[in-house]
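No lab work stands behind these numbers, since they all come straight from the coordinates. Worth saying up front: this structure is predicted, and the values here are computed from it rather than measured. Please note: Cβ atoms are built from the backbone with ideal geometry, for glycine as well, and neighbour counts cover all protein chains shown.
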Amino acid sequence: MGTLFAGRLGLAEARIPQADRHGLLWLTFGNLSVEDGTLHFRAATSEELKAGEYAIPYQNLSMILLGPGTTVSHDALRLLARHGTLLAAVGEGGVKFYTAPPMGAGRSEVARAHARLWADEKNRRDVARRMYAFRFGKILPAKDITVLRGIEGARMKETYQIVANQFGIEWKGRRYDRHEPNATDIPNQAINHTATFVEAAAEIAVAVLGALPPLGFIHEESSNAFTLDIADLYRAEITLPLAFSVAKKAIDDPTVLLERTLRKEAARQFRKQQLIPKMIDRIKELLHVDDHSRDP
């Protein structure tokens, strides 16, 4: 994720440059408003910014992501809507995704490409196979989606055990009750929390591009099936190592607050590993869209 800079020294008013190549701007602890027809952010001191007034180059943005400690004025919403810039309220680092209203008339290339691939049975199956190839490092021989899901299930069982062993955790198998997500052991609770955070990051990536959340290539029926597809691409790479690393701390030290510690570590890892930009690039690759899909 792009780091925000305080602007050039010596200027009375700093300008936040467009640091993220996907047009994402992350803001925390401050007020987003309009002054003299220009978008401004009055920031308190944070890890990303020094306290001060910053001008926002909204013309180059696809989405502004407002993190904890932020407020936004009615004028700012009106200005963003006029220029078709998305605004989302998110958790620190993108571990939660609250809302991203579709402001303005954006372009539809990504949505149309997504719909075309999903509507054709062969293309839909081919995209699903590519998703499995990303996860397992090779194209699986089977083409039937039911068989692919079976192969995935068997491989994920092995992956759970391998990653648990890496962190010295006794693994008793995946257990998840959707109605009582905390009614299980610490490793499973950690996976539940972390999966939620990774899904939030995937929601941001899908929203930025204007892809269609209900049209999943592997998941079906859910209103965010495609989001789940994207999140699952990072289960072995991000979700499990993060979950088991913090689960180990909680097992060794009962005073560790599991969900809070996971949320903080997830935010740090998402930034460090550039997770959301990676997801955006992967979606573009899967849907065969180029970098100009969001240009005005």
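Quick one: check the C-alpha center-to-center distance for the stretch 124-151 versus the stretch 152-217, whole angstrom. Between the Cα centre of the stretch 124-151 and that of the stretch 152-217, the gap is 19 Å. Axis of helix 258-272 versus longest Cα principal axis of the chain: the two differ by about 70°, to the nearest ten degrees. The trypsin sites (Lys or Arg not before Pro) of the stretch 175-254 meeting both criteria, a DSSP state outside H, G, I, E and B (loop) and at most 14 other C-beta atoms within 10 angstrom of the site's C-beta, are ARG175, ARG178.
Applying the Kirkwood pairwise sum to the alpha-carbon positions of the chain produces a hydrodynamic radius of 20.5 angstrom. Placing +1 on each Lys and Arg Cβ and -1 on each Asp and Glu Cβ, with no other charges, gives the stretch 101-195 a dipole about its Cα centre of roughly 440 debye.
With helices as the sole contributors, the chain gives -14500 deg cm²/dmol at 222 nm; each DSSP H run of n ≥ 4 counts as -39500 (n - 2.57), and the sum is divided by every residue. Could you let me know the centre-to-centre spacing of the stretch 58-100 and the stretch 237-296, using Cα atoms, in angstrom? A separation of 20 Å, based on Cα centres. Between SER223, PHE97, ALA43, the Cα set farthest toward the positive side of the dipole of the chain (charges on each charged residue's Cβ, about the Cα centre) is that of SER223.
Relative to the longest principal axis of the Cα atoms of the chain, helix 186-209 runs at roughly 50 degrees.
Placing +1 on each Lys and Arg Cβ and -1 on each Asp and Glu Cβ, with no other charges, gives the stretch 226-291 a dipole about its Cα centre of roughly 360 debye.
Ranking ALA164, THR255, ASN182 by Cα position along the charge dipole of the chain, where only Lys, Arg, Asp and Glu carry charges on their C-beta atoms, puts ALA164 farthest toward the positive end. Against the chain, whose longest principal axis is taken from its Cα atoms, helix 240-252 shows a tilt of about 80°. Over all other residues within a Cβ to Cβ distance under 15 Å of ARG125, the charged ones net out to 0, with Lys and Arg as +1 and Asp and Glu as -1.
Pairs from the table (LYS138/LYS284; LYS138/LYS248; LYS138/LYS264; LYS50/LYS272; LYS50/LYS249; LYS172/LYS284) lying more than 28 angstrom apart at Cα are LYS138/LYS248; LYS138/LYS264; LYS50/LYS249; LYS172/LYS284. Mean-square fluctuations from a GNM of the chain, with a 10 angstrom spring cutoff on Cα atoms, peak among SER108, SER62, SER73 at SER73. Projecting the Cα atoms of VAL206, HIS193, GLN269 onto the charge dipole of the stretch 189-273, computed from C-beta unit charges around the Cα centre, puts GLN269 farthest toward the positive end.
Charged side chains reduced to their Cβ positions (Lys and Arg at +1, Asp and Glu at -1) give the stretch 109-287 a dipole of some 460 debye around its Cα centre. Shape call for the stretch 14-99 from the C-alpha gyration tensor, a ≥ b ≥ c root eigenvalues: rounded (a/c under 1.5), prolate (a/b greater than b/c) or oblate? Rounded.
Working ranking of peptides 281-290, 183-192, 221-230 by packing, defined as the average number of other Cβ atoms within 10 Å per residue, highest first, is 183-192, 221-230, 281-290.
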